[in-house]
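In what follows, a structure is listed as structure tokens, so that the remarks can point back to it.
The values are calculated or read from the model by the stated rules, or taken from the named source; none is laboratory data. What you see is a predicted model, and the numbers here were worked out from it, not measured in a lab. Neighbour counts are summed over all protein chains in view; Cβ atoms, including those assigned to glycine, are modelled from backbone coordinates with ideal geometry. Accessible surface is based on the protein model in full, side chains and every heavy atom, while ligands, DNA and RNA are left aside. Shrake-Rupley method; radii C 1.70, N 1.55, O 1.52, S 1.80 Å.
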Amino acid sequence: MSDTISHFSVIKGDITQQQTDAIVNAANTTLLGGGGVDGAIHRVAGPQLLEECRGLGGCKTGEAKITKGYLLPARYVIHTPGPIWHDGKKGESALLKSSYENCLALAAEVGCRSVSFPSISTGVYRFPLHQAAKIAVETILQFLNNHSLPQQVYMVCFDGRTQAAYETALQDAGR
Ligand code: AR6
């Protein structure tokens, strides 16, 4: 596990500026844009991203679809609608895990060596941060352990509270 951990980093930053092969978008099921990280990604990528997204016919919660990155430094954007948090009894945890897994599988399929994730579902979708961080970290480390691609995964946190939660989850996973 310790070797796998060296392929995963928690950083603070803006995902739209990451120079990884792919960045992940915490989208909604329409894939037609929104606020938060979704809005930021569309703003930087430019209108061609929305054009390509229009042709995708939406995406189910927990699944993922890929587009080009257009004006972003990243070559690809992998869009996944994470679960909206209700009470924790509507399959939210399994859906969040599946969002991370499906994004990683798509990245591997197109040959991405590096991928950046935002903290899926912990903004507008209100998934409890520490619970989401544990699921994200465990799912990413498990995938890295079992696949040769991607080689490097970054969790790009927009604020200090989010970064602290993912760092704690990473430390717990290494114990
Ligand atoms: N870089 C990295 N992280 C960011 C950035 C950025 N530029 N901007 C925001 N975040 P959210 P969700 C963080 O609400 O909860 C949209 O309207 C943010 O601080 O963007 O999955 C979609 O269209 C938080 O930690 O995504 C959906 O309707 C994290 O990204 C809905 O929001 C996720 O917050 C999805 O909600």
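Over its Cα atoms, what ratio of radius of gyration to 2.2 N^0.38 Å does the chain give? Working shown, then result.
Numbers: Rg = 14.7 Å, N = 175, 2.2 N^0.38 = 15.7 Å.
Working it through for the chain, the quotient is 0.94.
Only loop residues by DSSP count here, and only those with at most 13 other Cβ atoms within 10 Å; note down the chymotrypsin sites (Phe, Trp or Tyr not before Pro) in the range 1-85 that meet that.
Listed in order of number, the matching sites amount to none.
Under a GNM of the chain (C-alpha, springs under 10 Å), which listed residue has the highest mean-square fluctuation: His79, His42, His130?
His130
Would you mind getting the accessible area per residue of the range 2-173, heavy atoms of the protein chains only, 1.4 Å probe, in Å²?
46
On a C-alpha basis, how far is the centre of the range 26-76 from the centre of the range 111-175 in Å? Whole number, if you could?
20
Taking 7 Å along the Cα-to-C-beta vector as the label spot, tell me the Asp3-Glu138 distance in nanometres, rounded to one decimal.
2.4
Would you calculate the separation in nanometres between label points at Arg126 and Thr168, each defined as 7 Å from the Cα along the Cα-to-beta-carbon direction?
The modelled label-to-label distance comes out at 2.1 nm.
Give me the percent of accessible area attributable to carbon and sulfur for the range 54-115, probe 1.4 angstrom.
51
Using a cut-off of under 14 Å, list every residue of the range 1-32 whose amide N is near the label point 7 Å from the Cα of Leu50 along the Cα-to-beta-carbon line.
31-32
Identify which of Gly69, Gly82, Gly57 has the largest mean-square fluctuation in a Gaussian network model of the chain, with springs joining Cα atoms closer than 10 Å.
Fluctuation is largest for Gly57.
Take peptides 21-31, 141-151 and line them up by average Cβ neighbours within 10 Å, highest first, as a rough protection proxy.
Packing proxy ranking, top to bottom: 21-31, 141-151.
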